[in-house]
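Everything on this sheet refers to the single structure shown next.
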Amino acid sequence: MSNHKFGYVALVGSPNVGKSTLLNQLVGQKISIISRRPQTTRHRILGICSQPDYQLVFVDTPGIHSDQKKSLNRVINRTAITSMTDVDLIIFMIDQKGWTVEMRDAFEKAKSKSTPIMLFINKIDKLKNKAELLPLIERSSKLHSFVDIVPVSALKMKDREGLLNLIARHLPPGPPGFPEEQITDRSQRFMASEFVREQTFLALGQELPYSIAVEISKFQEGDNGVLNIDAVIWVEKTSQKSIVIGREGQQLKLLGSRARVQMEKAFVQKVYLNLWVKVKKGWGDQENLLRSLGYSED
Ligand SMILES: Nc1nc2c(ncn2[C@@H]2O[C@H](COP(=O)(O)OP(=O)(O)OP(=O)(O)O)[C@@H](O)[C@H]2O)c(=O)[nH]1
Ligand SMILES: [Mg+2]
């Protein structure tokens, strides 16, 4: 046990660069939801990876963004920034397009923590010519003395083991902090609400997913071993409610059956899912409503 390593590793960066995709790949299970749109992750989520020689606790964080107009956005940014406190290592992630102004802003926040930082350049599968990476690596190395600069493809990961070993090298010795079989700190109830929210991202048009929150109103195992889950999808306007429900309820039905499949896979259990759509005006801009829907800073 004496060579065993243990530590917290925060995954930080701008929205949509692939932080949650990396977390799921490294842990080997879907813990954090993913979508094509920015600002998918809204909470701090732990993903735990246990190997004989180390236990790595990855902290997925919401993408740090510059638009702070809405309370929800400010709460999300605060979550990302406080999640970097008390970690042993920060993985700062950019994508193959390189440093945008927004990424630089996010990086300033990561740098201010004076924690060692590894830079991950993600989505390299999108580069036709890998030589394009060289100038980006060079530019990046002038920006900060990163402990490592690592080009990766979180989506098409080639050497998961190698990557985990590389990360573990930067962590302090210590015994595991969690039971070996534990993969997250989040409850099934939380994950159920996230799986519903993920489907709203996948199914709905441009702006709408940002106006949506999901609340689980019932989470109960029946005598037959089936999980009965009731979820309320909160929207901000009546017009949004009809979009979510769709013609003759088709949209909601599809969304529900996809979310249920995700839950059954994650919980290894049969699930009955009931969905409701309700209007709560302006929930994304009222701090007390945000708190009642589970948006706090941890
Ligand atoms: N081609 C390619 N796409 C990727 C890769 N990693 C992630 N993506 C895609 O990028 C999009 C965003 O991925 P997420 O993992 O949700 O990104 P995120 O950084 O967690 O985003 P936020 O939670 O919004 O901050 C999704 O469509 C992913 O499939 C990659 O290595 N290659
Ligand atoms: Mg994410």
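Structural descriptor for region 188-292: relative contact order 30 percent, calculated from alpha carbon pairs under 8 angstrom and at least 6 residues apart. Taking the inverse of the mean 1/r over every pair of distinct Cα atoms in region 36-184 gives a Kirkwood hydrodynamic radius of 16.7 Å.
Note on the chain: with a GNM built from Cα contacts shorter than 10 Å, the maximum mean-square fluctuation among 200, 184, 238 falls on 238. If I take every Cα pair under 8 Å that is 6 or more residues apart in the chain, average their sequence separation and divide by the length, what percent do I get for the relative contact order? The normalised contact order for the chain reaches 20 percent. Each peptide in 92-98, 213-219 gets a packing score, the mean of other Cβ atoms within 10 Å over its residues, and the list from highest to lowest is 92-98, 213-219.
Which residue fluctuates most in the GNM of the chain (Cα springs below 10 Å): 163, 227, 143? Checking each option, the largest mean-square fluctuation is seen for 143.
For region 1-71 and region 244-274, compute the distance between their C-alpha centroids and round to whole Å. Value for the Cα centre distance between the two parts: 25 Å. Within the listed set 24, 228, 122, the residue fluctuating most in the Gaussian network model of the chain (springs between alpha-carbon atoms under 10 angstrom) is 228. Calculate, in whole percent, how much of the Cα-Cα pair population of region 5-71 lies beyond 19 Å. Considering region 5-71, 33 percent of its Cα-Cα pairs are separated by more than 19 Å. Note on region 188-292: the C-alpha convex hull projects to 6.6 nm² when averaged across all orientations. With 26 Å as the limit, the listed pairs 70/109; 156/265; 109/265; 126/158; 19/70; 69/278 have 109/265 beyond it between alpha carbons.
Ellipsoid fit via the Cα gyration tensor, the chain: semi-axes of 33, 23, 18 Å, each the root of five times an eigenvalue, largest first. Basic side chains Lys and Arg get +1 at the Cβ, acidic Asp and Glu get -1 at the Cβ, and with that the dipole of the chain about its Cα centre reaches some 940 debye. DSSP assigns beta bridges within the chain; of those with both partners inside it, close to 35 percent run antiparallel.
The residue list 52, 203, 91 was ranked by how far each Cα lies along the charge dipole of the chain toward its positive end, using unit charges on Cβ atoms, and 203 comes out on top.
Bear in mind these aren't lab numbers, they're just calculated from the coordinates by the rules spelled out. None of these values were measured; they are calculated from a predicted model. Every residue, glycine as well, gets a Cβ built from its backbone with ideal geometry; the counts of neighbours run over all protein chains shown.
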